[in-house]
Structures are given as structure tokens and as C-alpha cells.
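Student: My questions will all concern the structure given below.
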Amino acid sequence: MPDFEFRYLLLGALAIALLVAAFTDIRRRQIDNWLNGAIAAGAPLYWWASGLSLWPGVAWQVGVAFITLVVLAGLFALRAMGGGDVKLLTALALWIQPLWFVRLLIGMSLIGGVLTIALGTWHVVRRRRERLAVPYGVAISSAALWVLALQFLPAFAGSAVAGGAG
């Protein structure tokens, strides 16, 4: 039987994992496999706690995660994306409903663009010669936290609807 409190406990754990992913990406430019694995492994518990049906609910989540993995693995092969970022987004696709996942991708792109411009400017000002390494896990985690807040926190959801973003 689905459990409302357990669902929010899992979402809290996901939020903490996203913060850890962002901070480790800032510090080491790496998102650990154990963290991505833990996020992915928590998804079935979240499905159960949310009362998600196997068909079409879980099937959609797994399908979106598979498509995410295939597309982003291609970007990884082209060296346009890091492996930890690919795994983090794939794991998040297991948690976040498809429409909300699209919102996450849009938010991630916007945040990532601003982050890239800011770090690129800093890189040029400091006259660095090495390749710019953008901790994109920060953009992914920020966008995911934003989507989760809009979806699950009434105060955020109310202001988003009033602002026309809901």
C-alpha cells in the first residue's frame, strides 16, 4: 500500500543526493557511480510509495530513462557530455514524470548555459590555458530540485501557477 510520508522521505533523500552530486561535481568534476546507482535504485521504492501502476506508469518511466540513456550516451561518445551527467539524468528519468522531466531538461539547459558563460568568462579573465571544465551536475541538480519543488511543495506550486508556469 502506498505511503504518503514514505514518499516524501524518499523525495528528501533524492534532494540530499542531488546536493551531494552538485557539490562533488564542483569539487572533483565527477559524480560518483555509487550515488547515481543509489538514485536509480530508489526509484522503484518511489514508484511503490506513489502508487504508480506497472502499465503504463512504470513502463513510461523506464522508457523515458532508456531514451535518455541512448541519446545522452551518444553525446558522451561525442565528448559533449560527461559520463556522470549521463548517468545522473538517466537515474532522474526514473523518478520524474515525463512532462516534468522535459521541464527539468529545459531548466538544466538554461542554468547550464548561464553557468558555462560565467565560468567561461572567469576562465578568460584569469587567462587560463587549460580546457574549461563545467560542473554540469550543478545545472542538473538545480533543475531537478526546482522541478521537484514545483511539483511537490504547495508554496512553490501556488506561485508557479500564479506566475503562469504551472
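Student: Taking only pairs six or more apart or across chains, which ones have beta-carbon atoms under 7 Å, a first residue in region 4-15 that is under 13 Å from L92 (Cβ atoms), and a second residue that is part of a helix (DSSP H, G or I)?
Tutor: Short answer, once both residue conditions are applied: L11/L148; L11/F152; L14/I39; L14/G42; L14/W95; A15/L145; A15/L148.
Student: Which helices (runs of 4 or more DSSP H) sit wholly inside region 1-106 and have at least 3 residues that are exposed (fewer than 15 other Cβ atoms within 10 Å of the Cβ) and not β-branched (V, I, T)?
Tutor: Ranges flagged: 4-28, 33-50, 59-77.
Student: Here is a list of conditions, (1) within 21 Å of R28 (Cβ to Cβ); (2) in contact (Cβ under 8 Å) with a residue 24 or more places away in the chain, and Q97 meets all of them except one; can you say which number that is?
Tutor: Among (1) within 21 Å of R28 (Cβ to Cβ); (2) in contact (Cβ under 8 Å) with a residue 24 or more places away in the chain, the lone unmet condition for Q97 is (1).
Student: Follow-up. Residues of region 16-41 being under 13 Å from L148 (Cβ atoms), touching a residue at least 40 places away in the same chain (Cβ under 8 Å) and not β-branched (V, I, T), which ones?
Tutor: Across region 16-41, the qualifying residues are L18, L19.
Student: Considering region 131-150 alone, what residues qualify as being surrounded by fewer than 17 Cβ atoms within 10 Å (Cβ to Cβ) and at pLDDT 80 or above?
Tutor: Once the filter is applied, which keeps residues that are surrounded by fewer than 17 Cβ atoms within 10 Å (Cβ to Cβ) and at pLDDT 80 or above, region 131-150 yields L132, A133, A149.
Student: If we scan region 27-45, do we find a residue that is of a type outside the set (A, V, I, L, M, F, W, C) and at positive phi?
Tutor: yes
The values are calculated or read from the model by the stated rules, or taken from the named source; none is laboratory data. Please read all numbers here as calculations on a predicted model, not as lab measurements. A quick note on method: Cβ atoms are made from the backbone with ideal geometry, for glycine too, and the neighbour counts reach across all protein chains shown.
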